[in-house]
1. Consider Gly67 against the criteria (1) at negative phi; (2) surrounded by fewer than 16 Cβ atoms within 10 Å (Cβ to Cβ); (3) of a type in the set (Gly, Ala, Ser): it satisfies all of them except one. Which criterion is unmet?
2. Filter the range 9-47 down to residues that are of a type in the set (A, V, I, L, M, F, W, C) and closer than 18 Å to Pro199 by Cα and give me whichever is modelled with the lowest pLDDT.
3. Give all pairs with beta carbons closer than 8 Å in which a residue from the range 139-161 that is on the phi < 0 side of the Ramachandran plot meets a residue that is charged (D, E, K, R) and modelled with pLDDT under 95; count only pairs at least 6 apart in sequence or on separate chains.
4. Please work out which one of (1) in contact with a Leu (Cβ under 6 Å, 6 or more places away or on another chain); (2) outside any loop (DSSP other than H, G, I, E, B) is the condition Gln85 fails and give its number.
5. Give the range 31-53 a look and list any residue that's under 23 Å from Val8 (Cα atoms), of a type outside the set (D, E, K, R) and out of contact with any Gly (no Cβ under 6 Å at 6 or more places or on another chain), or say none.
6. State whether one or more residues within the range 110-119 are at pLDDT below 95 and within 25 Å of Val197 (Cβ to Cβ).
7. Can we say Leu158 is aliphatic (A, V, I, L, M) and at pLDDT below 95?
8. Within the range 129-179, can you find the residues that are open to solvent by less than 10 Å² (accessible area, probe 1.4 Å), outside any helix (DSSP H, G or I), of a type in the set (A, V, I, L, M, F, W, C) and farther than 21 Å from Ala90 by Cα?
Amino acid sequence: MKQAPPYVPGHQLLAGKSVLITAAAGAGIGYSAARRSAEEGCRALMISDVHPRRLEEAVARLKAETGLEAIHGQLCDVTVEAQVQALVEAAEQQLGGVDVLINNAGLGGQKSVVQMSDEEWTRVLDVTLTGTFRMTRAMLPHMQRRGAGAIVNNASVLGWRAQKEQAHYAAAKAGVMALTRCSALEAAEHGVRINAVSPSIALHDFLKKASSEELLASLAGREAFGRAAEVWEVANVMMFLASDYASYMVGEVLSVSSQQA
């Protein structure tokens with residue numbers, strides 16, 4: 001099966017909920033998760049990104065595509081604590097409280113260990129792992145006070161698998177998995193759920209620019225369906241984890257891949 005299945009219509013999984021998503025401007029999983037949130041009936045949505053023009057365009061496009069007017073954009077670099085705090089405070093105020101947080105911000109790249117600088121290593125971990133930690137730390141007090149909420153983190157199969165020139169990204173994503181499991185136990189005591197998705201390869205424009213065609217074709221060919229995932233297929237699993245259908249799931253990392261090494 002090398003053809004993607006038909007796009008799945010919304011089923012009101014997030015009816016009445018508000019959603020905050022990091023790094024959601026552009027064409028990747030974050031943007032797809034934002035669109036799916038609106039299609040699943042969320043009452044209000046806020047997306048963040050580090051690119052002002054791209055963020056503004058994404059908000060306008062989401063409103064046009066989904067018909068939801070209560071969509072807001074807020075600039076945020078998840079490596080800067082003050083911006084993280086400002087994003088959460090803005091979302092709490094403008095959305096009337098955040099029911100769902102999707103931690104999508106991440107940074108990758110290709111570099112062998114012996115060629116990797118401290119700066120390259122640190123940058124990937126700061127965005128991908130520590131950024132997820134900062135957002136979770138800032139959001140949890142609000143959700144815990146209300147005794148409800150769901151956080152969905154974006155991990156990666158590279159947290160499990162080995163791949164050359166991905167040591168920094170794999171280490172960061174393995175950290176996201178561990179962070180998900182540990183923080184979920186703390187949050188569950190207050191009625192808040194934390195889980196994660198673990199995609200393999202989901203094709204979008206940014207990934208195409210960051211990786212060679214040969215590498216992407218090789219990775220896609222090893223998948224069970226002989227193709228890369230559509231970004232909305234990953235977003236669909238995020239919607240499930242964010243919804244009340246996942247009410248008894250705590251600290252889980254759901255694979256959105258074929259699990260082939």
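1. (1)
2. Ala27
3. Close Cβ pairs (under 8 Å, with a partner that is charged (D, E, K, R) and modelled with pLDDT under 95) do not exist here.
4. So Gln85 meets the others, but not (1).
5. Within the range 31-53, Tyr31, Ser32, Ala33, Ala34, Ser37, Ala38, Gly41, Cys42, Ala44, Leu45, Met46 qualify.
6. Yes, the range 110-119 has at least one match.
7. Here the answer is yes, as Leu158 does meet what is asked.
8. Result: Ala155, single match.
The values are calculated or read from the model by the stated rules, or taken from the named source; none is laboratory data. On a predicted model such as this, the values are computed, not experimentally measured, just so you know. Please note: Cβ atoms are built from the backbone with ideal geometry, for glycine as well, and neighbour counts cover all protein chains shown. Calculation scope for accessible area: heavy atoms of the full protein, side chains included, ligands and nucleic acids excluded. Shrake-Rupley method; radii C 1.70, N 1.55, O 1.52, S 1.80 Å.
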